[in-house]
Amino acid sequence: MSSVVVITGSAGLIGSEAVRHFAALGMDVVGVDNDMRGYFFGADGSTQWNLQRLVKEVGDRYTHHSVDIRDRDGLDRLFADLGSNIGLVIHAAAQPSHDWAAREPFTDFDVNAVGTINMLEATRRHAIDAPFIFTSTNKVYGDTPNSLPLVELETRYELPEDHRWYGGIDETMTIDNSMHSVFGASKVAADIMVQEYGRYFDMPTAVFRGGTLTGPGHSAAELHGFLAYVMRCVMEQRTYKIFGYKGKMVRDAIHSHDLITAFEAFHRAPRVAEIYNMGGGRFSNCSHIEAFKIASEITGLEARTEYVDQARQGDHQWWISGTGRFEEHYPDWKLTYDVPAILREIYEANNEVWKA
Ligand SMILES: NC(=O)c1ccc[n+]([C@@H]2O[C@H](COP(=O)([O-])OP(=O)(O)OC[C@H]3O[C@@H](n4cnc5c(N)ncnc54)[C@H](O)[C@@H]3O)[C@@H](O)[C@H]2O)c1
């Protein structure tokens, strides 16, 4: 088996978890990340701290390249050098925020859509047999989930138990005729292109449409990183702004570890042009109100929130991922972290750093 894994966004939440995981499996990891998260979200967002930690922990198995995924020629040179040694590509670099995208639509599209075709083409030219994993998003479904017949409960919105998507929304939901946000639209372009390279060029590509992805590797910023930012606000006694839906909007949360074990399963038994909704599902989900309650219990601190009676444009009122398709293809894969376990770990990992 070819021994190199190329990971973009390697200093980010998902990328860094992937670096550690595949290095521990004995693969050489080539990381691509230019710390553009710092440009998107300012100092809170920079992933430089995570990169330094990675380099120290992973040692010689890790090589870092500060290449911009918009730099087509730079990527091509990198892939040409590694050639058929590449056994796996994980593309997790992105402009990841809904709200930020509208500030600079060109930058968002260039990173998310054009950056993805740059990665696909470099892979096709130099490592066509390598499984190609792309981190897409549930925002490809736009705001269609908001048309579900939700009922309001004390701390959350919920679907009736007899609804076919009570256990989670599956991949048959339409991606058309809805508001996606500029970010959602650039991810749709990338998502479809990854599928197309699978079908058209017969490459082993997979699109993972994530719900909320989280874990201690998140550089928590207001515009991105829900649970990490909840915990950071409680620990630092910052005020968290809740936008709309009375704080009862529901998110499912998957720990980066559980996502990466799904990537490993795909890597071991790749398929062509797959799409998977991927998240914490029924096992791991919460509303904002519920997340703050758990964070307060863990820290012993009161949460400070401010309610803004205006939901973010295109934001989901309720999202729980239906992971049945992935579980059918990979029956040995299991979720291991639920929301309280995720929040506790974020708390413990940042105890020394985030202080009031
Ligand atoms: N975190 C979530 O809740 C979530 C949910 C659904 C989908 N996703 C997707 O998962 C992927 C990973 O998300 P994450 O939470 O790890 O994000 P992240 O911001 O923590 O990591 C992304 C990394 O990519 C780097 N990067 C950005 N632009 C780059 C560029 N032009 N060239 C090179 N590097 C660049 C950033 O510096 C950052 O370190 C993204 O595609 C995101 O859209 C995330």
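The values are calculated or read from the model by the stated rules, or taken from the named source; none is laboratory data. Because the structure is a prediction, the values reported are computed rather than measured. Counting neighbours? That spans all protein chains shown, and the Cβs are built from the backbone with ideal geometry, glycine included. Only protein heavy atoms, including side chains, enter the accessible area calculation; ligands, DNA and RNA are left aside. Shrake-Rupley method; radii C 1.70, N 1.55, O 1.52, S 1.80 Å.
For segment 322-356, the set of residues classified as among the small types (Gly, Ala, Ser) and either within 18 Å of Arg251 (Cβ to Cβ) or touching a strand residue (DSSP E or B) at 6+ places or on another chain (Cβ under 8 Å) (or both) consists of Gly322, Ala341, listed by residue number. Answer yes or no as to whether Thr123 is modelled with pLDDT of 95 or more, crowded, with 20+ Cβ neighbours inside 10 Å, more than 18 Å from the chain's Cα centre (by Cα) and β-branched (Val, Ile, Thr). Yes.
Do we find a residue being open to solvent by less than 10 Å² (accessible area, probe 1.4 Å), in a strand (DSSP E or B), modelled with pLDDT of 95 or more and of a type outside the set (Ser, Thr, Tyr) anywhere in segment 229-252? Looking for residues that are open to solvent by less than 10 Å² (accessible area, probe 1.4 Å), in a strand (DSSP E or B), modelled with pLDDT of 95 or more and of a type outside the set (Ser, Thr, Tyr), one finds at least one in segment 229-252, hence yes.
If I ask for residues that are away from the ligand (no atom under 15 Å from the Cβ), touching a residue at least 24 places away in the same chain (Cβ under 8 Å) and more than 21 Å from the chain's Cα centre (by Cα), which ones from segment 64-108 would you list? Within segment 64-108, Ala80, Leu82, Gly83, Ser84, Asn85, Ile86, Gly87 meet the criteria.
Residues in segment 184-227 that are among the hydrophobic types (A, V, I, L, M, F, W, C), at pLDDT 90 or above, under 13 Å from the mean Cα position of the chain (by Cα) and assigned to a helix (DSSP H, G or I): Leu227 only. Counted as qualifying within segment 1-96 are the helices (runs of 4 or more DSSP H) with 1 or more residues that are under 16 Å from Asn112 (Cα atoms) and either open to solvent by less than 30 Å² (accessible area, probe 1.4 Å) or touching a His at 6+ places or on another chain (Cβ under 6 Å) (or both), namely 13-24, 36-41, 72-82. Of everything listed in (1) closer than 19 Å to Ile346 by Cβ; (2) more than 8 Å from the ligand (Cβ to nearest atom), the single unmet condition for Arg37 is (2). A search for C-beta distances below 6 Å between a residue of segment 10-34 that is farther than 16 Å from Ala262 by Cα and any residue that is open to solvent by 10 Å² or more (accessible area, probe 1.4 Å) and near the ligand (Cβ under 6 Å from one of its atoms), counting only pairs 6+ apart in sequence or on different chains, returns Ser10/Asp33; Ala11/Asp33; Asn34/Asp68.
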